[in-house]
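Working notes, structure below.
The values are calculated or read from the model by the stated rules, or taken from the named source; none is laboratory data. Treat the numbers as computed from the prediction; the structure is a model and nothing was measured. Glycine also receives a Cβ, built like all others from the backbone with ideal geometry; neighbour counts cover every protein chain displayed.
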Amino acid sequence: MYDRLSRKGWIALIGPPTLFLCGFLLFYYPCFLHMPVCAVKSFLNIDCPGCGLTRSITYLTHLNIRRSIYFHPMGVIISIWLVFEFALSLLTLCCKNIRRPRFSTKAYDIILISVLLGMFIQWIFKLVF
């Protein structure tokens with residue numbers, strides 16, 4: 001039963017709940033939400049493309065979608081993808097007849113480029129306005 005998942009499947013099964021639990025608990029320690037953890041922000045005093053993702057996911061775990069989108073719109077999209085990967089891994093582990101679909105390398109490349117492009121567009125928009 002446990003050999004049905006690859007290493008990536010186990011990471012998808014364990015990673016998202018851990019990330020969302022940490023995001024949920026981080027909300028109760030507000031000093032962490034105001035700490036500069038980004039090296040680009042600390043040294044250059046400008047936001048990087050990923051600035052705000054931690055706060056976005058933290059607010060999303062508390063179902064504050066408006067605030068989550070305010071900090072980083074891609075946080076919602078990345079969270080949906082993580083939940084999708086988690087559900088696929090859970091179904092693969094629990095059900096005998098269901099196999100985890102294998103996406104081609106091209107499909108993963110398209111997804112990765114789309115996420116990076118979305119983060120870049122959001123970053124440019126944030127810097128300009």
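Values computed for the structure shown
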quantity	calculated
Residue within the stretch 16-24 that is under 18 Å from the mean Cα position of the chain (by Cα), of a type in the set (Ser, Thr, Tyr) and at pLDDT 75 or above present	yes
Residue in the stretch 81-93 that is aromatic (Phe, Trp, Tyr), at pLDDT 85 or above and crowded, with 16+ Cβ neighbours inside 10 Å present	yes
Helices (runs of 4 or more DSSP H) contained entirely in the stretch 20-129, each with at least 2 residues that are among the charged types (D, E, K, R) and free of Cβ contacts under 8 Å to residues at least 40 places away in the same chain	65-71, 105-128
Matching residues in the stretch 25-50 - criterion: being surrounded by 13 or more Cβ atoms within 10 Å (Cβ to Cβ) and either at pLDDT 85 or above or among the charged types (D, E, K, R) (or both)	Lys41, Asp47, Cys48, Pro49, Gly50
Positions within the stretch 63-77 being buried (at least 18 other Cβ atoms within 10 Å of the Cβ) and either of a type in the set (Ser, Thr, Tyr) or more than 14 Å from Phe120 (Cα to Cα) (or both), in sequence order	Ser68, Phe71
